[in-house]
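> Pasting a structure here, questions to come.
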Amino acid sequence: MGELIQELNELAAEIRLETLRIIASFGNGHIGGCMSIADALAVLYGDVMNYDPADPKKKDRDWCVLSKGHAGPALYAALGLKGYFPVKSAYHLNEFNSQFPSHTDRTLTPGVDLTTGSLGQGISEAAGAALGNRLQGIDSYIYVLVGDGEADEGEVWEAAQFAAHYKLDHLIALVDENGRQLDGTVEEVMSHGKGLHAKFEAFGWNVIEVADGNNTAEIRDALLKAKQESGSPTALILHTVKGKGVSIVEASGVHSAKPTPEEWKIMLEAAERKLADVRSRKGGIK
């Protein structure tokens, strides 16, 4: 188990570094929300999901839906590292005729299962996909990453009600509760009242809290528990840090940033050091 967690931590560090390189190619982007889900993506693509980069549309695959579609660069990093395409090809983020728009598009990028970007849309699509797979007799899982700021959208709760009504137990939402959104903290902009745990539970979902949503071991344990649930969808509430691993963004909590050349240098060098540090621990894992 220690070796697996080491591998997941290494993948998370690689995703963070490549995400920064991808965003740096354009000069600005949603660094904070990308960094906070790097560990979740590492667990999904490093261990939990059933997928095949050589056959991105294989019928029995698990799906990963990025409802917070503005975090596309993090997903591109994960897909590239796992062989869907050379990761360096994503260094053309948002260029004319690029396969890599800032928000994910299934018609452009291999491995992207559903087009997202309009907040609330992705979880609705994911619920529909889960029901569609059931009707076709496909026993696969739909994993959908949702932002806590995104959960201000009424469409999120329409989807939640739909998923509970149809008992979509192969739908698992990973809620990135980093506490911040475009215009400030979630609490200031639009409080979730008694909290997202209580809201999802009230809508009929099984809910699992992940105290450290940037801890790959905790995320993995929660996902394995969620897959044992029968009769209802599951929401994992991941308590994350916006900009995790990038001190400049962690400190500011900024939603979208346009770093200076010097700031880019600092961030990229820090991510490279972190990856080297994680890799250096390999020899001590038993």
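> To the nearest 10 degrees, how steeply does helix 216-226 sit against the main Cα axis of the chain, on a 0 to 90 scale?
With rounding to tens, the tilt is 10 degrees.
> A follow-up question, please. Assign unit charges at the C-beta atoms only (+1 for Lys and Arg, -1 for Asp and Glu), then state the dipole size of the chain relative to its Cα centre in Debye, rounded to the nearest 20.
Rounded to the nearest 20 debye, it is 640 debye.
> With the Cα gyration tensor of the chain giving a ≥ b ≥ c as the square roots of its eigenvalues, does the rule (a/c under 1.5 for rounded; else a/b larger than b/c for prolate; else oblate) give rounded, prolate or oblate?
Rounded.
> Describe numerically, in nm with one decimal, the distance between label points set 7 Å from Cα along Cα→Cβ at SER247 and at ALA202.
Placing both labels 7 Å beyond Cα along the Cβ direction yields 4.1 nm.
> Would you mind pulling out the separation of the Cα centroids of segment 125-143 and segment 34-99, in Å?
19 Å
> Next up: Using Cα atoms only, what is the angle between the long axis of helix 2-26 and the major principal axis of the chain, expressed in degrees (0 to 90) to the nearest 10?
70 degrees
> So for the chain, taking the charge dipole from beta-carbon charges (+1 Lys/Arg, -1 Asp/Glu), which of GLN136, LEU4, LEU93 sits furthest toward the positive end?
So the residue we want is LEU4.
> Per 0.36 nm of contour for each residue apart, how much would the distance between LEU268 and LYS58 grow if the chain were fully extended, relative to their Cα-Cα spacing?
Difference between extended and current length: 72.1 nm.
> Also, quick follow-up: Name the shape class, rounded, prolate or oblate, that the alpha-carbon gyration tensor gives for segment 101-248, where a ≥ b ≥ c are the square roots of its eigenvalues, rounded holds for a/c under 1.5, and otherwise prolate holds if a/b is larger than b/c and oblate otherwise.
rounded
> Which length gain, in nm to one decimal place, applies between ASN28 and LEU135 when the Cα-Cα distance is subtracted from 0.36 nm times their residue separation?
34.3 nm
> Would you mind getting the accessible area per residue of the chain, heavy atoms of the protein chains only, 1.4 Å probe, in Å²? Don't skip to the end; give the middle numbers.
Details: 12150 Å² over 286 residues.
Accessible area per residue, the chain: 42 Å².
> Contact order normalised by length for segment 1-138, with contacts defined as Cα pairs under 8 Å and 6 or more residues apart; what percent is it?
25 percent
> Between their Cα atoms, which of LYS58/LYS274; LYS225/LYS265; LYS194/LYS225; LYS57/LYS225 are more than 29 Å away from each other?
Pairs exceeding the cut-off: LYS58/LYS274; LYS225/LYS265.
> Hey, another quick one. If you average the sequence gap of Cα pairs under 8 Å that are 6 or more apart and divide by the length of segment 57-124, what percent do you get for the contact order? Could you put the intermediate results ahead of the total?
Values: 100 pairs, mean separation 26.3, N = 68.
39 percent.
> Roughly how many Å² of TYR51 are accessible to a 1.4 Å probe, to the nearest 10?
The value for TYR51 is about 50 Å².
> Projecting each Cα onto the charge dipole of the chain (Lys/Arg +1, Asp/Glu -1 at the beta carbon, about the Cα centre), which of ALA13, ALA226, GLY149 comes out farthest on the positive side?
ALA13
> Percent of accessible area on the chain owned by carbon and sulfur, 1.4 Å probe? Could the numbers behind the result be given before it?
On the way: 6120 of 12150 Å².
Whole-percent figure for carbon plus sulfur exposure: 50.
The values are calculated or read from the model by the stated rules, or taken from the named source; none is laboratory data. All figures in this text were calculated on a predicted structure; none of them were measured in a lab. All Cβ positions, even for glycine, are placed from backbone atoms using ideal geometry, and neighbour counts span all protein chains on display. Surface accessibility is based on the protein's heavy atoms, side chains included, excluding ligands, DNA and RNA. Shrake-Rupley method; radii C 1.70, N 1.55, O 1.52, S 1.80 Å.
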